[in-house]
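Single-structure report; data block below.
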Amino acid sequence: MATQAQPEGRSPRAEVSNREIVDHWFDVAADRIGVADDARVVLRSSYREVAVQVPLRQADGRIHCYQGFRVQHNGARGPYKGGVRYHPEVDLDEVRALASLMTWKTALVDVPFGGAKGGIDCDPSELVSDELQKITRSFIDKIAKVIGPQRDIPAPDVNTNAQVMAWMMDEYGKLYGHTPAIVTGKPISLGGSLGREAATGRGVVLCFREAAPLLDLRPDGATVVIQGFGNVGGWAGRIMAQLGAKVIGASDAHGAIHGEAGLDAEALWAHVRAGGRLPDFPGADVITPAELLALECDVLIPAALGGMIHAANADAVNARMIVEGANSPTTPRADEILADKGVLVVPDVLANAGGVIVSYFEWVQNLQHLAWDERKVNDRLGTRMRKAFRAVHHRAREEGESLRVASYALAIERVAQAARDRGYITEADVPYKP
Ligand code: NAD
């Protein structure tokens, strides 16, 4: 599990919240499609929001009461699906935004899920494993009635991992019997899917490979900067390096490093996995997070938190392409600045969808009591990512839109189609597009 994030470098809260970022793009795309105002209210707001107390008696005997959230945004296309984040800055509004993003993401890559997200406002770096386990089990007890393999299926996100998923599955199983399909991102020993841990990073790289020819780039020799060398950033960096790319900069919550000749991505990964902080990585130059963003490179992969590329630092970005591993890393104002600079942005809703695609595969394997080999998982991931990228690129070219607006437009149309078919809305609410 990654160590705790510091907010350094994030968008000043005053500029824009994650919620405003997602709602902004929803509105831009809804305008293009012609979604009626009242239908927008329904499509933008959550179906259900659950807030629970998660008390923990600490070593000093005092009780600390954390807040836990599960937001189910839209279930027109299937059971709600989305990760659970442990972070001190988690609040209901952020979880709402992330849940809504999941609705558009699952629709865009055409997996039969809706969108959800969860979180607890704890700082895992201040908790021992036993405490994390208690918090996790207490959270699941309290949301158990609203989740289920055909209702809502949690997964890992920032500061949660396969171990946390195992505790969740076990706790849910005490109430309802052994139910591997209740969470994805589990350990392989408990029905997790081969390829799931790498899937989001692999999907980021698949998007890079699809987008690279648009800029006459090739993976071999491309220079890469990774902000947030955790699960997503670490896998993306290692897979890029396997393709011959050079990781010249990376950061974590503790700081940033630079190596013009290329950092050894495998050694970085081993260093982080052993609990090391990036600035302590031997042989690299320590730089500031702001300097990292300004490094000249072919591709920048933001893979930390939301709002990290904002109005005050977007102009300094010196990359030809950004592939968004994190959710909402770029504020709308920063997006405009990047567009003016000619930086190609592959948006989060597409670029980091590899995780939910393989989560879908894990769920399917669990429901069928089967285990696929890794090649099958990766091949199917590749097919779905390429199909989604090409549909978005085609739409963007046809309509003269950015990849982000095209992604949202396609996703909203798919959700609207399902909602129309269920009889929730009509063609007057969201025009039909074949
Ligand atoms: P993680 O906890 O494994 O890694 C997060 C990394 O970001 C860590 O290295 C952390 O130190 C670093 N970080 C935190 N604050 C930072 C800061 N201010 N500057 C630089 N680095 C900082 O989390 P993850 O699962 O890799 O998720 C990363 C992002 O990707 C999140 O936005 C998450 O929502 C998104 N995402 C994750 C998945 C997934 O499958 N894990 C899927 C889709 C999207």
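Structure notes:
- Strands (runs of 3 or more DSSP E) within region 1-89 that include 2 or more residues at pLDDT 95 or above, farther than 27 Å from LEU410 by Cβ and among the charged types (D, E, K, R): none
- Taking first residues from region 207-218 that are on the phi > 0 side of the Ramachandran plot and partners that are among the charged types (D, E, K, R), no Cβ contact under 6 Å between residues at least 6 apart in sequence or on separate chains turns up.
- Meets criteria (of a type in the set (S, T, N, Q) and in contact with a helix residue (DSSP H, G or I) (Cβ under 7 Å, 6 or more places away or on another chain)) for THR200: yes
- Listed by first and then second residue, the pairs linking a residue in region 135-150 that is over 22 Å from ARG77 (Cα atoms) to a residue that is open to solvent by 40 Å² or more (accessible area, probe 1.4 Å), with Cβ atoms under 6 Å apart and 6 or more places separating them unless they lie on different chains, form an empty list.
- If the condition is being touching a Leu at 6+ places or on another chain (Cβ under 8 Å), assigned to a helix (DSSP H, G or I), open to solvent by less than 70 Å² (accessible area, probe 1.4 Å) and away from the ligand (no atom under 16 Å from the Cβ), then region 365-388 contributes only GLY382.
- The set of residues in region 57-88 being among the charged types (D, E, K, R) and in contact (Cβ under 8 Å) with a residue 40 or more places away in the chain consists of ARG70, ARG77, LYS81, ARG85.
- Pairing each residue of region 266-293 that is assigned to a helix (DSSP H, G or I) and within 14 Å of the ligand (Cβ to nearest atom) with any residue that is open to solvent by 80 Å² or more (accessible area, probe 1.4 Å) and not aromatic (Phe, Trp, Tyr), provided the two are 6+ apart or on different chains, yields C-beta distances under 7 Å for PRO279/VAL286; PRO289/GLU8.
- The residues listed here are GLY237, GLY230; of these, the one that is under 21 Å from the mean Cα position of the chain (by Cα), under 23 Å from ASN18 (Cα atoms) and of a type outside the set (Phe, Trp, Tyr) is GLY230.
- Selection of region 223-271 for residues being polar (S, T, N, Q) and open to solvent by 30 Å² or more (accessible area, probe 1.4 Å) yields ASN231, GLN242.
- Among residues of region 182-198, those that are within 9 Å of the ligand (Cβ to nearest atom), touching a residue at least 40 places away in the same chain (Cβ under 8 Å) and over 18 Å from ILE147 (Cβ atoms), counted: 1
- So ILE322, is it among the aliphatic types (A, V, I, L, M), surrounded by 16 or more Cβ atoms within 10 Å (Cβ to Cβ), in a strand (DSSP E or B) and within 13 Å of the ligand (Cβ to nearest atom): no
- Test: ASP348 is in contact with a strand residue (DSSP E or B) (Cβ under 9 Å, 6 or more places away or on another chain), closer than 20 Å to ARG395 by Cβ and within 12 Å of the ligand (Cβ to nearest atom): yes
- Count of region 144-159 residues which are surrounded by 20 or more Cβ atoms within 10 Å (Cβ to Cβ) and either away from the ligand (no atom under 16 Å from the Cβ) or closer than 18 Å to SER189 by Cβ (or both): 4
- Among the residues making up region 189-217, those that are over 21 Å from the mean Cα position of the chain (by Cα) and among the hydrophobic types (A, V, I, L, M, F, W, C) are LEU190, ALA212, LEU214, LEU215, LEU217.
- Candidates GLY148, GLY173 - the one that is in the same structural domain as VAL54 (by TED's automatic domain parsing) and farther than 24 Å from LEU98 by Cα: GLY173
The values are calculated or read from the model by the stated rules, or taken from the named source; none is laboratory data. As the structure is a prediction and not an experimental result, all values here were calculated from the model. Note: ideal-geometry Cβ built from the backbone for every residue, glycine included; neighbour counts use all protein chains shown. These area figures cover heavy atoms from the full protein model, side chains too; ligands, DNA and RNA do not enter into them. Shrake-Rupley method; radii C 1.70, N 1.55, O 1.52, S 1.80 Å.
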